[in-house]
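The values are calculated or read from the model by the stated rules, or taken from the named source; none is laboratory data. Predicted, not measured: the structure shown is a model, and the values here were computed from it. Here the Cβ is made from the backbone with ideal geometry for all residues, glycine too, and neighbour counts use every protein chain on show. Accessible surface is based on the protein model in full, side chains and every heavy atom, while ligands, DNA and RNA are left aside. Shrake-Rupley method; radii C 1.70, N 1.55, O 1.52, S 1.80 Å.
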Amino acid sequence: MKTRAAWVAWWLALLLLGGCREAPAEREVRVVVSGPGRLARAQAFAERLRGYGLAGVRVRVCDAEGEAARLADCLGGPVALYVTVGGVETRTVVEGDGEAPVLYVGLAASRDWGFVERLSRPGGRVSGVDNNYAELSGKRLQLLRLALPQVRRVLVLYQPGVVPTARGLASVRGAAEVLGLELAYHPVRAVGDLEGLEARVAQTGAGAVLLLPSYVLENHLDDVLARTNAAGVPLVGLDAAQVRAGALLAYGATGTAMGRQAARMARQLLEGYPVSEMPVERPQQMSLALNRGVARRLGLELDPRLLDLADEVVP
């Protein structure tokens, strides 16, 4: 009886000790986004990561609402993982908070930023999904040429000083030479530089405007579209969401797809996989989107062969 009583007491002690243990501390995944043009990536990431049901993990989205200077307000406090949705967001986190790992969701020109040593083995505290947007700039020009063979001159909208610009400009210049297209340029350092875009289109005789990756241009897409519409020329964008918003065509990974892809990577990091060993990934799928409504409104007729190739056609 004494032995049995001792065993019962031992088990009761274990149960009491187990009940007194503190719940594991909550871990925060903070998603840093510069504004509305990139918010779809952040939302898709957050939705997918929450769907995994990871115990003790909380996802918080911090939106600078188009003001890059406000990104610094998203830093600080106990953070298990920062998730960034572009270059300016990633740079802000890397320079402003030197502890938590960083996972980016759609960064153009990963190697040029200097965040990673190698794509296959980043070697530091940063990894993520490279969206290939800068390198695809020439491909978008090629698709424009197929869609509208009559266009001979294209105005390139770009943001000087951001890392992907050099690679994007090289891509469009190489494609233009092969395609026999002339290029003109309109630099946009801040949203105020969009003023006069209509006049620039008229001055250059451009038949279309092509967008390069840029947090200013992406976060002020409505203004860009309003001005290209006023000028009576189509806009070539980066992804399907911009086509739904009013661009004529775009080619690239969608923000939703990249967000979900990065959420899978974040799950691995939260389960203990070292960020320094996590290879940078490319988008799992690219899509071509066209907007027939925009073409009709501008009096343009899209080549039916390209319509057959499109993954999404907005009526």
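For segment 167-178, enumerate the residues that are out of contact with any Gly (no Cβ under 9 Å at 6 or more places or on another chain) and surrounded by 15 or more Cβ atoms within 10 Å (Cβ to Cβ). Explain how you work it out, then say what you get.
In the first step, residues of segment 167-178 are kept if they are out of contact with any Gly (no Cβ under 9 Å at 6 or more places or on another chain); the result is 167, 169, 177.
Of everything in segment 167-178, those that are out of contact with any Gly (no Cβ under 9 Å at 6 or more places or on another chain) and surrounded by 15 or more Cβ atoms within 10 Å (Cβ to Cβ) turn out to be Arg167, Leu169.
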Which of the residues belonging to segment 63-87 are crowded, with 23+ Cβ neighbours inside 10 Å and in a helix (DSSP H, G or I)?
-> Leu71, Cys74, Gly87
Would you please list the contacts, defined by Cβ atoms under 6 Å and residues six or more apart or on different chains, that run from a residue in segment 237-262 that is closer than 19 Å to Ser34 by Cα to a residue that is of a type in the set (Phe, Trp, Tyr)?
-> Leu238/Tyr133; Gly259/Phe45; Ala262/Phe45
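Quick check on this structure: which one of Ala68, Ala44 is out of contact with any Leu (no Cβ under 8 Å at 6 or more places or on another chain), in contact (Cβ under 8 Å) with a residue 40 or more places away in the chain and closer than 24 Å to Asp223 by Cβ? Please lay out each step first, then the result.
Numbers: Ala44 fails: closer than 24 Å to Asp223 by Cβ.
Answer to the selection: Ala68.
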Scanning for something within 21 Å of Asn132 (Cα to Cα), at pLDDT 95 or above, open to solvent by less than 30 Å² (accessible area, probe 1.4 Å) and more than 19 Å from the chain's Cα centre (by Cα), does segment 195-212 turn up at least one residue?
-> yes
Is it true that some residue in segment 270-282 is modelled with pLDDT of 95 or more, charged (D, E, K, R), closer than 21 Å to Gly66 by Cβ and in a helix (DSSP H, G or I)?
-> no
Would you call Val294 closer than 23 Å to Ser120 by Cβ and either in contact with a helix residue (DSSP H, G or I) (Cβ under 9 Å, 6 or more places away or on another chain) or open to solvent by 10 Å² or more (accessible area, probe 1.4 Å) (or both)?
-> no
Qualifying residue in segment 97-110 (condition: assigned to a helix (DSSP H, G or I), of a type in the set (Val, Ile, Thr), in contact with a Gly (Cβ under 9 Å, 6 or more places away or on another chain) and in contact (Cβ under 8 Å) with a residue 24 or more places away in the chain) = no
Which of the residues that make up segment 93-130 are crowded, with 22+ Cβ neighbours inside 10 Å and modelled with pLDDT under 95?
-> Gly106, Leu107, Ala108, Ser110, Phe115, Val116
